[in-house]
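One structure is given below, encoded as structure tokens.
The values are calculated or read from the model by the stated rules, or taken from the named source; none is laboratory data. The structure presented is a predicted model; accordingly, all values stated were derived computationally and were not measured. Cβ atoms come from the backbone with ideal geometry, glycine included; neighbour counts cover every protein chain shown. Quick note on the areas: whole protein, heavy atoms, side chains included, nothing else; ligands and nucleic acids left out. Shrake-Rupley method; radii C 1.70, N 1.55, O 1.52, S 1.80 Å.
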Amino acid sequence: MTLLNAAVVIAIVIAVVARRLSWSPLANSDTDVWRGPVVMIGLGVYQLHDKLPNTPLGVLDIVLLVAGVGLALIAGLAAGRVAQVQLRDGQIFYRLGLPGLGIMVGYLVVRLGLAGLGQLLGATITSGGGSILLTVGANLLVQSLVVQAKAHRDAEEYATR
């Protein structure tokens, strides 16, 4: 993984986690939910695709990519489910909270360990920055979608009272 990729992933994760630890308004716009994660996924796919003509994609790469995406989806679902949502003055607020932070930190440690394992086992493509951008983006997208669904459900429930 290049230093630029590492810096981008670290900066995004720090910004997202810092924002999600404190109460923040949840805009009901779909673009607020998917814009950042989709950009990360796109960059990851681009970087993976860019390496393919020069580097063959092996079975190990496919296994690690599937494992990384699966881990990302599970951790995103779990973090989204434990996120706290409140309705204040007609506006929805949310935060990840400490359980969500624990899930995110655990996910990132395991994901970086998976990248290290791939590097040790000789994975040529999926142990690098492109796969990390792809999987972290997938994690944040699932997390955001779950939080938004929870917020909409809670807002509808509050409105029917």
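Overview of values
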item: Flag if G106 is open to solvent by 10 Å² or more (accessible area, probe 1.4 Å), farther than 20 Å from L141 by Cβ and out of contact with any strand residue (DSSP E or B) (no Cβ under 9 Å at 6 or more places or on another chain); result: no
item: Members of the stretch 109-119 found to be buried (at least 18 other Cβ atoms within 10 Å of the Cβ) and more than 26 Å from G80 (Cα to Cα), listed by number; result: G118
item: Given (1) farther than 23 Å from A11 by Cβ; (2) open to solvent by 80 Å² or more (accessible area, probe 1.4 Å), number of the condition A151 does not satisfy; result: (2)
item: Whichever residue in the stretch 120-131 is over 14 Å from the mean Cα position of the chain (by Cα) and either farther than 17 Å from G44 by Cα or modelled with pLDDT of 85 or more (or both) and, among such residues, is least open to solvent (accessible area, probe 1.4 Å); result: G122
